[in-house]
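The values are calculated or read from the model by the stated rules, or taken from the named source; none is laboratory data. None of these values were measured; they are calculated from a predicted model. For neighbour counting, all protein chains shown are included, and Cβ atoms are generated from backbone atoms with ideal geometry for every residue, glycine included. Accessible surface areas use protein heavy atoms only, side chains included; no ligands, DNA or RNA. Shrake-Rupley method; radii C 1.70, N 1.55, O 1.52, S 1.80 Å.
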Amino acid sequence: MSKISWLLFTFLLFTAPAVAVENYTVSGYVKDSTSGELLIGSTVYVQELGIGTQTNVYGFYSLTIPAGNYTLEYRYLGYVSRIIRINLMKNEQINVDLVPEELKLEEIVITSSRGDRNITDVEMSAQELDIRTIRKIPSFLGEVDVIKSIQLLPGVSTVGEGASGFNVRGGSVGQNLILLDEAPVYNSSHMLGFFSVFNPDAVKDIKLYKGAVPARYGGRIASILDIRMKDGNNKKFGVDGGIGTVFSRLAVEGPIVKDKGSFILAGRRSYIDVLARPFTSFFDNGAALNFHDLTLKTNYRFNQNNALYLSGYFGRDKFLFDREQGFSWGNKTATLRWNHLFGDRVFSNFTFFISDYDYELKFGDTERDKFHWESRIRTMDLKPEFTYSINASNELIFGGDLLYYKFRPADATGVSNGTPINVSLEEKFAFESALYIGNETKFSKAISARYGLRLSNFQSLGPGYVYEWETTVPGQRKRLISSRRVEKFEKIASYTNLEPRASLRVKIGNKMSVKASYNRMAQYLHLISNTTASNPLDVWRPGTNNLKPQRGDQFALGIFRNFGQMDDYEFSLEGYYRTTDNQVEYIDGAEIFINEYLEADLLSGIGRAMGLEFYLKKNTGKLNGWISYTVGKTELKVEGINNGEWYPTRFDQRHNLKIVGYYNLNDRWTFSANFTFLSGTPTTFPTDRFTQQGYLIPYNAYGSRNNVRIANFHRLDISAIFYGKKYRRNGKARKNRDYWIFGFYNVYARRNPFSIYFSQGEDRPAAGEPVPSFATQVSIIGTIVPAISYNFKF
């Protein structure tokens with residue numbers, strides 16, 4: 001019997017005994033009573049049995065338990081808990097509407113409905129942020145930002161101010177999978193990293209997996225950021241919006257058919273160029289400096305067993321110096337999903353999505369001398385998934401993925417002195433497929449486990465050339481030894497990986513648990529970038545015979561503890577250790593743009609990351625917030641770099657401290673602040689220099705990489721939210737709600753270093769005199785940035 005067969009046999013052996021037990025099933029949906037929004041992660045608890053479950057990402061739950069009289073408690077953060085008593089003598093469908101609490105009672109809500117999920121759940125190394133919390137966090141120019149908010153969580157960092165993307169537990173930006181309604185977003189930033197592409201008015205739920213990743217997810221080795229959009233209010237029409245310093249936004253939502261279908265349409269547009277146009281002629285010749293995005297979603301529930309969802313995102317950034325010069329980039333996604341219930345125990349979802357990311361670069365102000373470059377990656381996926389509620393102690397999830405990739409690395413043409421030159425690279429194609437199965441088993445009230453398998457396969461396809469390279473000197477450009485032509489859809493390389501996942505929770509009393517996890521992840525796409533931070537012109541490449549899939553194995557162990565009568569404080573301490581192989585590195589002077597022979601400049605090595613994450617969160621009272629501290633280490637080992645010894649990655653940060661607090665003074669004022677401290681990131685400085693005819697030539701005598709660290713990063717941000725009155729003078733409630741945000745970013749005007757470069761003076765020195773040289777520190781923001789925005793809802 002093969003190794004895979006043994007694993008599947010063992011997996012089914014755990015779940016098989018439970019199938020024979022005859023039970024009845026209670027199932028249904030949990031929704032917001034005011035909008036009809038499905039509530040993700042609501043707790044359904046059976047008081048008599050001391051067991052429960054949670055709603056899935058579509059608000060659905062299913063519990064299979066013996067016949068009898070039960071008290072069901074439905075809970076969700078920020079909502080009034082609801083008790084329903086049932087006599088379960090047959091399968092029952094119970095849909096529950098939960099009522100949101102008023103803002104003035106928020107601390108009571110958190111106390112009464114938070115529960116102890118962090119203790120009882122098997123899940124670890126995962127963080128959730130609700131949009132109400134994100135809105136309170138001080139942000140750049142007063143604009144609510146999803147990506148900047150998750151950077152305040154333990155184990156999450158960034159390489160500098162305004163940098164695009166984020167790093168998780170020592171992983172690179174390209175090792176994070178960001179999903180918007182299940183469709184991948186390849187570049188999550190507007191304005192080169194200052195804002196994210198996600199409109200907060202359209203976001204419902206945000207969850208970050210740093211480890212213990214469920215088997216349904218794959219494709220990246222560092223983290224999964226799963227963002228779910230709002231469905232839209234299916235009870236009444238509403239408008240949300242805001243007017244800020246940099247951009248404005250507007251969202252409209254309402255029912256298509258009341259209680260059955262709804263829609264939401266949300267848009268944003270920056271207007272720096274619009275405001276500046278009367279004061280400068282810079283924009284008269286077609287120049288542009290703006291971004292816009294449009295997010296939309298619609299859904300319709302045909303009956304209790306069938307629902308259809310259609311969502312999309314369209315966004316673009318423009319940095320144009322005139323009509324013929326500049327660059328732009330943008331994402332487009334579309335997701336179609338069908339939910340279907342097979343009986344009371346089996347929930348299914350069928351997803352099809354298209355994701356498209358492209359960028360354009362052009363320069364040259366005459367027809368005789370110009371350059372134009374476009375690049376694109378398009379992804380399509382068909383994904384069926386089934387959830388089978390075996391009984392109250394076992395929930396089985398299984399499904400598959402079939403992805404199709406189309407890469408256009410460079411559609412590039414140039415004109416030099418009137419002569420056209422085509423330097424385009426051929427399109428490439430790839431297929432990625434996966435089958436997965438996972439189960440969560442409650443062995444007892446104290447011990448639970450989640451385990452699963454994911455079997456993935458990747459096919460890299462032509463057209464193009466298959467190259468064979470020889471390493472002559474480690475760390476130097478490889479030598480081509482052979483090549484052969486493959487036609488369209490002819491196989492270049494094929495890889496298969498088995499990715500096991502397992503988590504275990506042992507509960508110690510009612511307030512404490514210990515958890516452990518292991519997961520293996522495989523990644524077949526590579527983000528080619530040798531800059532300090534990710535940028536829109538980075539190149540995504542499929543695996544080939546030379547670019548092997550990255551693999552990561554992560555072990556984590558944590559202790560989780562709640563304090564206070566009503567779980568007022570959450571505490572966790574998690575340690576992790578991750579090993580990776582086939583990590584991409586670059587020779588010195590690598591040419592990564594429009595290079596047919598790119599693989600000759602790429603190196604492969606192994607990596608390791610280890611760390612300890614401390615997290616303390618206060619849930620109740622007028623003062624809420626959290627403290628997170630991570631001490632970590634991330635290193636690579638590549639033959640030909642740093643003399644073959646371990647060296648820190650560019651995003652290695654030994655100390656990462658975040659303090660977030662918000663104080664609800666009354667029902668009109670909320671004050672908040674966050675403080676960030678990050679150890680300086682590594683960079684490479686020359687160790688020596690030569691002088692040749694009055695010019696300095698830097699030299700690294702020891703071949704070291706990332707041999708120094710720039711100065712530490714720290715910043716304080718503060719903000720105040722002033723809410724409009726809820727009632728008129730006659731005592732009647734106002735139909736509209738509004739609030740102002742006043743903020744100060746970088747309060748003490750810290751000039752945090754982003755990078756440091758060296759240069760020499762413009763004047764050539766006299767003979768015998770030393771050549772003067774300078775070190776220049778680049779700071780993206782070096783002053784306090786005030787902000788004000790007005791937000792409304794009616």
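Observations
- Interchain or long-range residues, amide H under 5 Å from residue 72's placed H: 84, 85, 86
- For segment 228-242, Karplus couplings with θ = phi - 60° (6.51, -1.76, 1.60), whole Hz, Gly/Pro x: 10, 8, 4, 8, x, 6, 9, 10, 7, 7, x, 10, 10, x, x
- Listed pairs 507/618; 318/428; 445/511 exceeding 24 Å between Cα atoms: 318/428
- Only the Cβ atoms of Lys and Arg (+1) and of Asp and Glu (-1) were treated as charged; on that basis the dipole of segment 699-779 about its Cα centre amounts to roughly 1480 debye.
- The magnitude of the dipole of the chain, with charges of +1 and -1 set on the Cβ of Lys/Arg and Asp/Glu and taken from the Cα centre, is near 2200 debye.
- 19 Å Cα-Cα reach of residue 637 towards lysines, excluding residues that sit fewer than 8 places from it in its own chain: 478, 548
- Under Karplus coefficients 6.51, -1.76 and 1.60, residue-wise ³J(HN,Hα) of segment 592-608 in Hz, glycine/proline x: 9, 9, 6, 10, 4, 9, 4, 4, 5, 9, 9, 10, 10, x, 10, x, 8
- Each of 594, 663, 566 was scored by the projection of its Cα onto the charge dipole of the chain, and the greatest displacement toward the positive side belongs to 566; charges sit on the C-beta of Lys, Arg, Asp and Glu.
- Cα lying deepest toward the dipole's positive end in the chain, options 357, 139, 712, charges on Cβ: 139
- Share of carbon and sulfur in the accessible area of the chain stands at 59%, probe radius 1.4 Å.
- Seen from every direction in turn and averaged, the convex hull around the alpha carbons of segment 32-101 projects onto 4.5 nm².
- Over segment 546-675, the fraction of Cα-Cα pairs per 5 Å bin, rounded to whole percents and listed from the shortest bin up, is 2, 9, 13, 14, 13, 11, 9, 8, 8, 6, 5, 2, 1.
- In the chain, helices alone account for a calculated mean residue ellipticity at 222 nm of -1500 deg cm²/dmol, with every DSSP H run of four or more residues adding -39,500 (n - 2.57).
- Working from Cα pairs under 8 Å separated by at least six residues, relative contact order for segment 643-794 is 20 percent.
- Pair residue 340, residue 645: separation of 7 Å Cα→Cβ label points (nm): 6.2
- Probe 1.4 Å, accessible area per residue of segment 596-720, Å²: 45
- For the chain, the share of DSSP beta bridges that are antiparallel, to the nearest 5, is 95%.
- Share of pairwise Cα-Cα distances greater than 21 Å in segment 158-235 is 30 percent (whole percent).
- Rounded tilt (10° steps) of 3-19 against the dominant C-alpha axis of the chain: 20
- Over 21 Å (Cα to Cα) - which of 617/658; 235/735; 406/488; 297/406; 230/406; 442/617 fall in this group: 297/406; 230/406; 442/617
- Sequence ranges 84-95, 570-581, ranked by mean other-Cβ count within 10 angstrom, highest first: 570-581, 84-95
- Per-q log10 I(q)/I(0), segment 699-758, q = 0.19, 0.20, 0.21, 0.22 Å⁻¹ (Debye; single scatterer per alpha-carbon; no solvent): -0.85, -0.89, -0.92, -0.95
- Amide H contacts under 5 Å for residue 126: 210, restricted to partners 5 or more places along the chain or on a different chain, H placed in the peptide plane at 1.01 Å from N.
- Partners for residue 210 among aspartates and glutamates (Cα-Cα distance below 13 Å; same-chain residues under 8 apart left out): 123, 128, 226, 553, 574, 613
- Annotation: average projected area of segment 626-713 is 9.1 square nanometres, based on the convex hull of Cα atoms across all directions.
- DSSP bridge analysis restricted to segment 85-236 gives an antiparallel fraction near 75%, rounded to the nearest 5.
- Volume per residue that the Cα convex hull of the chain spans, once the total is divided by residue count, Å³: 189
- Take every Cα pair under 8 Å whose residues are at least 6 apart in sequence, average their separation, divide by the length of segment 279-407, and the relative contact order is 17 percent.
- The relative contact order of the chain, computed from alpha carbon pairs under 8 Å that lie at least 6 residues apart in sequence, is 10 percent.
- Value of Rg to Rh for segment 379-528 (Rh from inverse mean 1/r over Cα pairs, i.e. Kirkwood): 1.19
- The calculated Kirkwood hydrodynamic radius for segment 514-558 is 12.9 Å, given to one decimal from all distinct C-alpha pairs.
- For segment 481-640: span of alpha carbons on each principal axis (Å, largest first): 70, 33, 31
- Residue ranges 637-648, 136-147, 326-337 sort as 136-147, 326-337, 637-648 when ordered by packing (mean number of other C-beta atoms within 10 Å per residue, highest first).
- Centroid-to-centroid separation of segment 467-533 and segment 626-662 [C-alpha atoms, Å]: 20
- Here the gap between residue 727 and residue 779, fully extended at 0.36 nm per residue and compared with their Cα-Cα distance, gives a gain of 14.1 nm.
- ³J(HN,Hα), Karplus 6.51/-1.76/1.60, whole Hz, each residue of segment 697-702, x for Gly, Pro: 10, x, 8, 9, 5, 9
- Placing unit charges on the Cβ atoms of the charged side chains and taking the dipole of the chain about its Cα centre, the candidate lying farthest along the positive direction among 178, 214, 239 is 239.
- Size estimate for segment 234-279 follows the Kirkwood approach: the inverse of mean 1/r over distinct Cα pairs works out to 12.2 Å.
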